[in-house]
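Below is one structure; the comments refer to it alone.
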């Protein structure tokens, strides 16, 4: 009887996973899949903070590998992984466009000053931007924070993850976007 339940459970997981792959037109990255189609770029506002500048950025970048970290100022795990993000950023330098993006309504319900203070307190030193329309998060299927995406130079997601990660995990994900 237990064997039959185990087999039924495994079959159910296969059906649900297969349905998810069909519905999203891709195999999840945890199963080794990559996005088959390039992601349409979105232009969002950047924040004038340490290592960043006031202006705009288009993500993913055209003809350049891009690493996008999704965070929120109210997210404790986002704070926890900032040192690992900083180390990963330092390892790649200008080889990859490295950007942290908040979904918060910067300039509206959340002041730019609050984001800058959070950025400074957590030693952020790379480009930081606000996806206030949530268009980028929607295109990259971001469902929670922290999340990260490594996108290759052709605009295809090569690594997708949620939750906190170590420096080495970030580096491995970014290297997938670099085809290493």
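Where a number appears in this text, it was derived from the coordinates with a stated rule and is not lab data. Bear in mind that the values here come from a model prediction, so they are computed numbers and not experimental data. Ideal geometry is used to build each Cβ from the backbone, glycine not excepted, and the neighbour counts take in all protein chains shown.
Take residue 53, project a point 7 Å from its Cα along the Cβ direction, then tell me which residues of the range 112-152 have their backbone nitrogen under 18 Å from it.
Taking a point 7 Å out along Cα→Cβ of residue 53, the residues of the range 112-152 whose backbone N falls under 18 Å are 125-130.
Please compute the length gained on full extension between residue 109 and residue 178, using 0.36 nm multiplied by the number of residues separating them and subtracting their Cα-Cα distance.
On the way: separation 69, 0.36 × 69 = 24.84 nm, distance 3.70 nm.
Using 0.36 nm per residue and subtracting the Cα-Cα distance, I get 21.1 nm.
With the Cα gyration tensor of the range 49-119 giving a ≥ b ≥ c as the square roots of its eigenvalues, does the rule (a/c under 1.5 for rounded; else a/b larger than b/c for prolate; else oblate) give rounded, prolate or oblate? Each step should come with its number before you reach the end.
Details: a/c = 1.98, a/b = 1.32, b/c = 1.50.
Because a/c hits 1.5 or more and a/b fails to exceed b/c, the range 49-119 counts as oblate.
How would the range 129-180 be classified by its alpha-carbon gyration tensor: rounded, prolate or oblate, with rounded meaning a/c under 1.5 and the a/b versus b/c comparison settling the rest? Before the final figure, lay out each step's value.
Numbers: a/c = 2.47, a/b = 1.35, b/c = 1.83.
Verdict is oblate for the range 129-180.
Compute the separation of the alpha-carbon centres of the range 45-85 and the range 130-149 and state it in Å as a whole number.
Using only Cα atoms to place each centre, the spacing works out to 11 Å.
For the range 34-177, what number results from the quotient of the Cα radius of gyration and 2.2 N^0.38 Å?
Details: Rg = 13.5 Å, N = 144, 2.2 N^0.38 = 14.5 Å.
After normalising by residue count via 2.2 N^0.38 Å, the value is 0.93.
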